[in-house]
1. For the condition hydrophobic (A, V, I, L, M, F, W, C) and either in contact with a Leu (Cβ under 6 Å, 6 or more places away or on another chain) or farther than 30 Å from A:Gly148 by Cβ (or both), what is the one hit in A:Leu49, A:Leu56, A:Leu43?
2. Here are some residues: A:Val172, A:Val181. Which one is over 27 Å from A:Ile65 (Cα atoms), within 14 Å of chain B (Cβ to nearest Cβ) and over 14 Å from the mean Cα position of the chain (by Cα)?
3. Got a sec? Which of A:Ala191, A:Ala241, A:Ala230 is under 30 Å from A:Ala100 (Cα atoms), within 14 Å of the chain's Cα centre (by Cα), within 14 Å of chain B (Cβ to nearest Cβ) and not acidic (Asp, Glu)?
4. Cβ-Cβ distance below 7 Å, separation of 6 or more or different chains: which pairs start in the range A:179-191 with a residue that is within 14 Å of B:Thr196 (Cβ to Cβ) and end on one that is crowded, with 21+ Cβ neighbours inside 10 Å and of a type in the set (Ser, Thr, Tyr)?
5. How many residues, within the range A:128-182, are outside any helix (DSSP H, G or I) and hydrophobic (A, V, I, L, M, F, W, C)?
6. Specify which of the listed residues (B:Leu152, B:Leu137, B:Leu105) is modelled with pLDDT under 85 and aliphatic (A, V, I, L, M).
7. Looking at the range A:158-177 only, could you name the residues that are in contact with a helix residue (DSSP H, G or I) (Cβ under 6 Å, 6 or more places away or on another chain), of a type outside the set (Gly, Ala, Ser) and in contact (Cβ under 8 Å) with a residue 60 or more places away in the chain?
8. Would you confirm, using the coordinates I've provided, whether A:Ala221 is part of a helix (DSSP H, G or I), away from every other protein chain (no Cβ under 11 Å), modelled with pLDDT under 90 and within 30 Å of A:Val150 (Cα to Cα)?
Amino acid sequence: MAKAKSTAATRSNISGWRQYKALLKKDIAQELRTKEMVTSMGLYGMLVLVIYYIALSQAGTGFDITLIAAGLLLLMIVFTSMLGLNRSLIHEHDQGQLEALLLAPIDRPIIFLAKATTNFLFLAIVQVVVVPFFYVMFVSSSPGIIRGDVDPGPWWMLALILFLGSIGIAGVGTLLATISVNSKGRDFILAVLFIPVMYPLLLVLVAALTAVITGGSGFEATFWQMCAAAAAYNAVVIAVAFALYDYILGV
Amino acid sequence: MSKLQEFAKSFTQKRELQITIVLAIFGAILTTAAFVMAFTSANMQYHDTTVTVDYLLEDKGALLAPPAQQVGVDEGFVYITPWFSQKIFYFHVPIAQLSLVVFSLAAIFGIIFLRTRNPNYDLRSRIAMETTLIFTLGTMITGSLWTRASWLNSWGELGSTLLSEPRLVTYTVMLMFVVAYFVLRKSVEGEEKKATYSAVFAILAWIIVPFSFLYTRLTQEAAAHPTDAVNTGMDPSNLLPFIVCIFGMMMLGYAIYILRVAEEKKRTQLEEIKETIEDSLSKASKAKGVNATNQYSAAVVLNKTSEKQSSDSAQSASKDGGE
């Protein structure tokens, strides 16, 4: 069946890149009209920050938040991305878009790549908005930073880690969201499948983030080591997800 | 009726059952032999780098070796000769290793299912995952016994060691994978969809196996969980029960696996036979002209019409009375 699709695509002379662009355009146009993904994810991220504020409100002035800031940031990203992934394929499923896409002369791997890209884009947009808030609310006001004891790494290091993390989350998350949207308990199933698969990546990311936020001597070594590990994990898992996506479409 | 005959024939063959019984008996004998050897012939190893050292000098009561066997002070360190943690080693390690092997089997059968679309391989993948669940729980039970003997962090006093030890958390994630696999199977409708999704998830979940294996070997912080038992060399008296136990556990695991696969195959056969019997029954009744359900609905219709008639007559009677 997949073969028939690809021959149909080559017959109609639509290159993979054009198919990819068309799918991306479709998702972005849908988002520009409804604005539901970015709004709900951003709002949810901000609400998580408010909950952090409440949770830490009794910690006192001596509490060094830089030690746990990486974990808090990652928690926010995981929650937000799960919300987004849950919603990312709802239209495809409920309005029969997925069947239409399968009928259209489009290669199946391109459906995966386009969906993963849009998920990554939305996650990146939300992070660009929410992470500065997180930094201002929690990290910049911590006693270590004010006194100058803690010397965080440059901002591009933070951006690189979040970039690697978002790639992994979007890549694997798209596969798992496609599975969960076709099951009975959607949100719950996504959480049950997503968090164990993400576990190695999250461990690596939190190590790299902690190295950057707390700084100190020789933090670059840890940082690059962990970035390499995250990149390796992403490469392996996304390759597997890419290969397996063909099988779960249209069964 | 030929299916029914096949079914009856497969019971007379009983090949799976024979293999299972032989494997189970041998497995049980070997495991018991390892158990006996562990408590009788195995020497105590107390070198600091082996897995068998209880390095905390608190009172552990019955978990320690008898006073006569204590080695006492050696090169400035005070050792207590291990007793219980030495014994649990022969069971904990084989079960843990086999759980990883069976988990890998589930992923391999998942790959074969996706290539061939043969439901038999989906069944095998599922049963392998069930066996993984048994072995994973066994690892956790024996591991927590060892924890109590060796780290002094029992379930009664959950110490920081237990909650932050990387190997334990990684292994818990593996248990979560296995549970998630069955949760996924429950919540997907349609046989082919269910089989495909769970095969995909089993393959993706396999990533935890190399991660769990390598994590404690590559990172420095994982000092609490011993990993270098085999590298530092085991005493021959220790190695023998260890290997015997590995083979015994393998046989037991394989027996469980074969038995469950045979059971599930029989169950699907039985369902098919039920369907064919139902089909032939309905055909036979159709040939007679009256279906069982038709009979029932006819009875209902008759009842209703008679009720209607009686109410009509009652109404007319009341009308008559009124007039």
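1. Working: A:Leu49 fails: either in contact with a Leu (Cβ under 6 Å, 6 or more places away or on another chain) or farther than 30 Å from A:Gly148 by Cβ (or both); A:Leu56 fails: either in contact with a Leu (Cβ under 6 Å, 6 or more places away or on another chain) or farther than 30 Å from A:Gly148 by Cβ (or both).
Selected residue: A:Leu43, the only one of A:Leu49, A:Leu56, A:Leu43 that is hydrophobic (A, V, I, L, M, F, W, C) and either in contact with a Leu (Cβ under 6 Å, 6 or more places away or on another chain) or farther than 30 Å from A:Gly148 by Cβ (or both).
2. Checking each option against the conditions leaves just A:Val181.
3. Testing whether each residue is under 30 Å from A:Ala100 (Cα atoms), within 14 Å of the chain's Cα centre (by Cα), within 14 Å of chain B (Cβ to nearest Cβ) and not acidic (Asp, Glu) leaves just A:Ala191.
4. A:Ile179/B:Tyr197
5. Here the count works out to 1.
6. B:Leu152
7. The initial filter retains those residues of the range A:158-177 that are in contact with a helix residue (DSSP H, G or I) (Cβ under 6 Å, 6 or more places away or on another chain), namely A:158, A:161-162, A:164-177.
Restricting the remaining residues to those that are of a type outside the set (Gly, Ala, Ser) gives A:158, A:161-162, A:164, A:167, A:169, A:172, A:174-176.
Of everything in the range A:158-177, those that are in contact with a helix residue (DSSP H, G or I) (Cβ under 6 Å, 6 or more places away or on another chain), of a type outside the set (Gly, Ala, Ser) and in contact (Cβ under 8 Å) with a residue 60 or more places away in the chain turn out to be A:Ile161, A:Leu162, A:Leu164, A:Ile167, A:Ile169, A:Val172, A:Thr174, A:Leu175, A:Leu176.
8. Taking the combined requirement at face value, the residue satisfies it.
The values are calculated or read from the model by the stated rules, or taken from the named source; none is laboratory data. It should be emphasised that the depicted structure is a prediction, and the values quoted were computed from it without experimental measurement. Every residue, glycine as well, gets a Cβ built from its backbone with ideal geometry; the counts of neighbours run over all protein chains shown.
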